[in-house]
Structure formats: C-alpha cells, structure tokens
Amino acid sequence: MGFGGKLQKSGVLEIDGMKIHVARMDNKTRRALSDILTKSKKSDPEELTQGRWKIIVDNLILQWEGLTEANLAKYYVSNATHYGSKSFDVNGDDVDICRASFSELLAYFDASKDFDYKAKAKIAIDDLLESKDAKIEYNGKIRKMNATIREEIKDDEEWTEVVDFIWECASSSEEFIKPDLSNEEISVSSSLFDGAYWNHKHSNIIELVYEFALSAENFRHKEIMEEAEKAKN
C-alpha cells in the first residue's frame, strides 16, 4: 500500500446545502479541547458544552457558506435566534415564562427520572416563571401567585399541573424563535452559539465538524481526485 501523500490543511463538509470549510485537527486544538474537559470536570454540563463548542468554532471552522439566522435556528436553540422569555396565554392572562436552558433541561430530565417533584417545581417556580404575580385559582378563588402560594406549589405535588405547564412552555424552543429571521448569509463566530444547545430533531453540526477534522481521509480528497483525473488522461 502506498502512502497517502501530504494532507490538505482544510476540507469541505457539506450539510443541507451548506458548505463548511474545516481545518484539519492540529495539536493546539487537541490540547485546548483536552484542557476544557479537564477544567470542566467539576463544572456544569452547559459550561463544558459551551467551552467545547467555542474551541471548535474558533479553531476548526474556517468558513461556513450558506449560514443564515434562519437555518441556524433549525439546528441550534440560541440567544441569537430565540427569545429568552415569552408571554403565554393562561386563561386569558399573559404569563411570562423563560426559555429553559441546557442545564435546566438536564436537571428536569434527572428529576423526572428520579420522580423528584420538588426539584422540578423549584426550577419551574424560581427560575422559569418570570411573572411572579400571575393569577391562579387558590382555595377556590382567583388570586395572584404571591410568595406563600409559590412556596406551597414547590412543596405540594397537588400542584403538578401548574409545574408541568410551566415546563411544557419553557422547553418548547419553537415557541421562542424570533420572527422574521434573515435568510441573508452571515459570518460564523462562536458568539452565535452563546447559551445554545442542540435541537435534537436535527444534526449537531458542531460535533460533525469535530469528527470531520479528526479524519485524515477528509483531507486527502483533493489529492485523490487529482490523481483520478491524471489516470483518465
């Protein structure tokens, strides 16, 4: 078997009509990714994910042809494309609910797995419910959700319906997409992914870039094609 020859410094990853120019993985980027993993072992998963993605975007993505706000929103829930909070109609009243972050969603899944109502309720009431004076039926009367009522909700599973409604709204990322997102091409930067998490309905492009950068075969393509053309002549 012959040697593959000199590797190209970059290759092109094509996804959904977009072309991403990816740098071949180098030792500097490997060390940075290893360091962020070491430093984040005791940190929350969101910090680790955000740190990892920043390194990949800043070091491995050279150019992203066809990147727009609209198609970014398809793949990632982010501050660039989604509101941080939104008003939802609750029995005719507007109630402001925050979009759940990546770490809050993980905490919700853990609490659900452990049947931990109080953990789910605490996040819902303390962090996700922005309208602290929302109206609620309490002891047969419509009252504002004051501090006393909120504490009772966090402590009593009889309020499951309220907690589940808040979580349903907060985790529906499509509800928070900003209107009239542009289809004009934009430049890629790690800031686009601030506070972002991957929409599991679609591919995690950042991780696909990482996998692409690792494989030497992706950087031999140009050379192989040139050799194939020469063989034809």
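The values are calculated or read from the model by the stated rules, or taken from the named source; none is laboratory data. In this text the structure is predicted, and so the values were computed from the model without any measurement. A quick note on method: Cβ atoms are made from the backbone with ideal geometry, for glycine too, and the neighbour counts reach across all protein chains shown.
A few comments on the model shown:
- Any chance SER78 is touching a strand residue (DSSP E or B) at 6+ places or on another chain (Cβ under 9 Å) and at pLDDT 95 or above: no
- Applying the criterion of being farther than 14 Å from PHE176 by Cβ and among the β-branched types (Val, Ile, Thr) to the residues of segment 81-110, the residue that is modelled with the lowest pLDDT is VAL90.
- Matching residues in segment 108-142 - criterion: being over 29 Å from PRO45 (Cβ atoms), out of contact with any helix residue (DSSP H, G or I) (no Cβ under 7 Å at 6 or more places or on another chain) and not small (Gly, Ala, Ser): ASP133, LYS135, GLU137, ASN139, LYS141, ILE142
Residue by residue, here is whether (1) under 21 Å from LEU192 (Cα atoms); (2) not aliphatic (A, V, I, L, M) holds:
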| position | (1), (2) |
| --- | --- |
| ASN27 | no, yes |
| ALA32 | yes, no |
| ASP35 | no, yes |
| LYS39 | no, yes |
| PRO45 | yes, yes |
| TYR75 | yes, yes |
